[in-house]
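Structure record follows, encoded as structure tokens.
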Amino acid sequence: MPTAPCFYIKESDRITGQVDLTHFPFVIGRARECDYVIDSTEISRMHLQLDFDHQQVVLRDLGSTNGTTLNGERITANRDYRLRANDSVNMGNAFELVFDDPATTAQIVAEPATADSLWLDEASAQVYILEERLDPPLSPSQILLLQLLIDNEGIVVTREDIRNHVWGNDMDVSDQAIDALVSRLRKRLHEQDPEHEYIITRRGFGLIFHNRPTEHVSP
């Protein structure tokens, strides 16, 4: 399961991409030698740097020309700022990133295990939670949604992703219909396993699925 901290690229209030922070230090800027390159004259060659300190990611503006803001406040160059989930970073008033750290926000309890507590048998469209088959079975649309979430475990799934996967990009499907489907699926999973939240909402971005390990033996 992906647990690396990352940035979501945000454009016009929509998530359009993801930057995984796979190593540190991690430099973002216009120069080709940066770890992540942004081809914009508003961005300095070496604009900002990310480091890992005391189990947290810290941000440092490297003296950029147009500056960096953190949650709307301009930060001081060459000074470290600790990041928290959902922090907004704007570079040069031209490029917005939203920070996420699944390792600290997933709320998963570490425990010895050999498998996951939720298991989907795609061939029979049956779902098993804590070794028990979900009865009555999920609806076809709920199965499609759960399949999408499982396949993208630990990664944000947007409304557009859900619309494309469940309804085949039918643009007439409303946000309310998507929310209702998510709510029904979340309720069914909670009824079977009320001690774990499988579907986590990232407000303004989408959903993240988090399974949990258990001594489950697949049927």
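The values are calculated or read from the model by the stated rules, or taken from the named source; none is laboratory data. Since the structure is predicted, the reported quantities are computational estimates derived from the model, not experimental observations. Glycine gets a Cβ as well: all are built from the backbone with ideal geometry, and neighbour counts include every protein chain shown. What goes into the accessible areas is simple: the full protein's heavy atoms, side chains included, and nothing from ligands, DNA or RNA. Shrake-Rupley method; radii C 1.70, N 1.55, O 1.52, S 1.80 Å.
Net charge of the neighbourhood of Arg163, taken over other residues with C-beta under 14 Å away and scored Lys/Arg +1, Asp/Glu -1, is -4.
Assuming R0 = 45 Å, what is the FRET efficiency of Trp167 and Arg82, from their Cβ-Cβ distance, to the nearest 0.05? Computed FRET efficiency for Trp167 and Arg82: 0.65. Just Met91, Met46, Met171 to compare: in a GNM of the chain, with alpha carbon springs under 10 Å, which one fluctuates most? In the Gaussian network model the winner is Met171. Each Lys and Arg contributes +1 and each Asp and Glu -1, all at the Cβ; summed about the Cα centre of region 118-198, the dipole is approximately 220 debye. On a per residue basis, the chain carries 54 Å² of accessible surface, using protein heavy atoms and a 1.4 Å probe. Would you indicate which of [x] 13.9; [y] 18.3; [z] 16.2 is the value of mean projected area of the Cα convex hull in nm² derived from the coordinates of this structure? Checked against the structure: label [x]. Our estimate of slack between Leu62 and Asp179, defined as 0.36 nm per intervening residue step minus the Cα-Cα distance, is 38.0 nm.
For the chain, what % of the accessible area comes from carbon and sulfur atoms, probe 1.4 Å? Spell out each step's value before the answer.
On the way: 5250 of 11780 Å².
After summing per-atom areas, the C and S share lands at 45 percent.
Between helix 140-151 and the chain there is an angle of about 40 degrees, using the helix long axis and the longest principal axis of the Cα atoms. If the segment from Ala94 to Glu131 were pulled out straight at 0.36 nm per residue, it would be longer than the present Cα-Cα gap by 8.3 nm. The angle separating the long axis of helix 175-192 from the principal Cα axis of greatest extent in the chain is about 60 degrees.
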